[in-house]
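Remarks on the structure that follows.
The values are calculated or read from the model by the stated rules, or taken from the named source; none is laboratory data. Predicted model, so just to flag it, every value in this text is computed and none were measured. With ideal geometry, Cβ positions are generated from the backbone for all residues, glycine too; neighbour counts draw on all protein chains shown.
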Amino acid sequence: MTIASGDISSASTDSNSSLLQVAPLEAILFDIDGTLCDSDPLHYYAFREMLQEIGFNGGVPITEDFFVKNIAGKHNEDIASTLFPDDHERGVKFLDDKEAMFRRIVKEKLEPVKGLYKLTKWIEDHGLKRAAVTNAPRENAELMISMLGLSNFFQALILGSDCERAKPFPDPYLKALEVLKVSKEHTCVFEDSVSGIKAGVAAGMPTVGLTTRNPAQLLMVAKPAFLIKDYEDPKLWTALDELDKMTTHSN
């Protein structure tokens, strides 16, 4: 169900102009699930198996469409309310058990999004500040960052649960700016969900959307700066090259 970013390029703003407003670039903020690694299929599998086990939806397995619309990118408190509207406590316990299952299966298979290490090297070479900003529980976030070999790459980890409001509200991204001591005028965001893109945009930053799993048309509703398929997408590198040129000219 993934749609390549190029399929709707006419609907997105020009990648160069949308990122050039942050020149000179000082920091990049990343979501984790679906943005650093392709973990959504593992979350979907865990939800589908465990919800079927307890007879959710009359025992009919949830579809990927249901997962994308009601679960992907959302904070566990909100997911608990959606899945268990009449028993929030049960929902919270279910989500805790589901996260434990996710951590077991993620240890067997976790793939970085294509081109991730090319981008992280570019960020290091340019001396940019960086933080991971996620709605995931701390144990999940730290495990995934560690498995991707990025524990020393990120200077901060901001959790939705540590903020007054999680994504889609801007609070986690605003907190990341505070912690890194950078301004939104010189920072951009990478996200893969409607909830995450909305949070980045609401925090006042150009937010690049990845079509890792969520359909492009769905992501466009959240008004990303532009969409990319992965970190090898030529659209991204054209924009970064332009940013480089602008920064060089301003020095």
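Just so you know, in region 111-166 the residues that are among the hydroxyl-bearing types (Ser, Thr, Tyr) and in contact (Cβ under 8 Å) with a residue 12 or more places away in the chain include one that is nearest to Pro24 (Cα to Cα), and it is Thr120. Picking from residues in region 154-173 that are surrounded by fewer than 17 Cβ atoms within 10 Å (Cβ to Cβ) and either of a type outside the set (S, T, N, Q) or assigned by TED's automatic domain parsing to the domain that holds Glu99 (or both), the one that is nearest to Thr187 (Cα to Cα) is Ala156. Could you check how many residues of region 213-235 are surrounded by 24 or more Cβ atoms within 10 Å (Cβ to Cβ) and more than 19 Å from Leu174 (Cβ to Cβ)? Total meeting the criteria: 5.
What about Leu177, is it among the aliphatic types (A, V, I, L, M), out of contact with any Phe, Trp or Tyr (no Cβ under 8 Å at 6 or more places or on another chain), surrounded by 21 or more Cβ atoms within 10 Å (Cβ to Cβ) and more than 21 Å from Leu95 (Cα to Cα)? In short, yes. Of all residues in region 35-65, those satisfying the criterion of being of a type outside the set (A, V, I, L, M), farther than 14 Å from Lys109 by Cα and not in a helix (DSSP H, G or I) are Thr35, Gly55, Pro61, Thr63. Please verify whether region 184-194 includes one or more residues that are under 11 Å from the mean Cα position of the chain (by Cα), under 29 Å from Thr63 (Cβ atoms) and assigned to a helix (DSSP H, G or I). Within region 184-194, one or more residues are under 11 Å from the mean Cα position of the chain (by Cα), under 29 Å from Thr63 (Cβ atoms) and assigned to a helix (DSSP H, G or I). When Thr134 is tested against (1) surrounded by 19 or more Cβ atoms within 10 Å (Cβ to Cβ); (2) more than 16 Å from the chain's Cα centre (by Cα); (3) among the hydroxyl-bearing types (Ser, Thr, Tyr), just one condition goes unmet, and that condition is (2). In a helix (DSSP H, G or I) and out of contact with any Cys (no Cβ under 6 Å at 6 or more places or on another chain), is that true of Ser151? Considered against the rule, which asks whether it is in a helix (DSSP H, G or I) and out of contact with any Cys (no Cβ under 6 Å at 6 or more places or on another chain), Ser151 comes out as no.
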